Amino acid sequence: QNGMASRSVVVYLAFENQLKNFGPLIQYLLDERGSDFGVTVVIPQWVTKQNTRAVARNAIGEETLRSLWGTRIDVCEMRHPDVLLDMARSGAIEVLLASRGRLEGLPISYVASVRAESLKLGTTWVALPEGFSLDFMVFDDLILMLDLWDVWCLPGPRSLRYIEQRLKHVSSEIAKDVRSRLAVVGFPQFDGLANLKDSETLRFKYGLPTD
């Protein structure tokens, strides 16, 4: 880890397939913002023990992460939910990232406790999309999303339009609160330019980010 990093970003990584979402972001933080952010990946080890063999095959471990980023990140293989709660209480989490607006496998009581401790210290909870998953979360459990997540990342304009449909049925105050938390960030699998030979020229032409 870069000793000069001033902010602690914690990635809650329950399954290996979530790397398709988190991988590019972790790489960006290390390469472009390494002096600003230190990255810790926390792995809830109890998840695969509680689930089916299919889930177990998708388990993630420290060895996989080290093969990608070596010692540039910290890795915490959590044997018990208390570990995450202790991290929240100690101020070790400044930004918490999770996929689909869920802390997979973390008991509800712990989710509430970690959130409560986080709020005391000003931790920012950021929900990253997996496809259009967050769009549906807004419809399924809007109040839970508001209780837990400070920033809701969306893949694009389609998601904004979808959520606006939902907001027609809530009060203006709630709608305003929701809109203040939305951030369009894209989604790696939806990047149609990524594999084009001349993608950099196209991005420059249309004013799109090149990285």
Exercise. Is it true that some residue in the stretch 124-132 is open to solvent by 60 Å² or more (accessible area, probe 1.4 Å) and not hydrophobic (A, V, I, L, M, F, W, C)?
Worked result: no
Seminar exercise, completed: Scanning the stretch 145-184 residue by residue, those free of Cβ contacts under 8 Å to residues at least 12 places away in the same chain and either closer than 21 Å to Q18 by Cα or aliphatic (A, V, I, L, M) (or both) turn out to be A175
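Could you tell me which residue of the stretch 35-94 is modelled with the lowest pLDDT, considering only residues that are in a loop (DSSP other than H, G, I, E, B) and within 16 Å of F22 (Cα to Cα)? If you could, list the steps in order and put the result at the bottom.
Here is the first cut: in the stretch 35-94, the residues in a loop (DSSP other than H, G, I, E, B) are 35-36, 45, 51-52, 58-61, 73, 79-81, 91-94.
After this cut, where a residue has to be within 16 Å of F22 (Cα to Cα) as well, the list is 58-61, 73.
Working: N58: 75, A59: 79, I60: 87, G61: 89, I73: 96.
The selected residue is N58.
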Exercise. Hey, E130 hits all of (1) touching a residue at least 60 places away in the same chain (Cβ under 8 Å); (2) part of a helix (DSSP H, G or I) but one; which does it fall short on?
Worked result: (2)
For this session: Output the number of residues of the stretch 83-113 satisfying the condition of being in contact (Cβ under 8 Å) with a residue 12 or more places away in the chain and surrounded by fewer than 13 Cβ atoms within 10 Å (Cβ to Cβ).
Result: 1
For this session: Look through the stretch 22-34, keep the residues that are more than 21 Å from M78 (Cα to Cα) and part of a helix (DSSP H, G or I), and return whichever of them is nearest to the chain's Cα centre (by Cα).
Result: L25
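The values are calculated or read from the model by the stated rules, or taken from the named source; none is laboratory data. Since the model is a prediction, treat every value here as computed from it, not as a measurement. All Cβ positions, even for glycine, are placed from backbone atoms using ideal geometry, and neighbour counts span all protein chains on display. These accessible areas exclude ligands, DNA and RNA; they are computed on the full protein's heavy atoms, side chains included. Shrake-Rupley method; radii C 1.70, N 1.55, O 1.52, S 1.80 Å.
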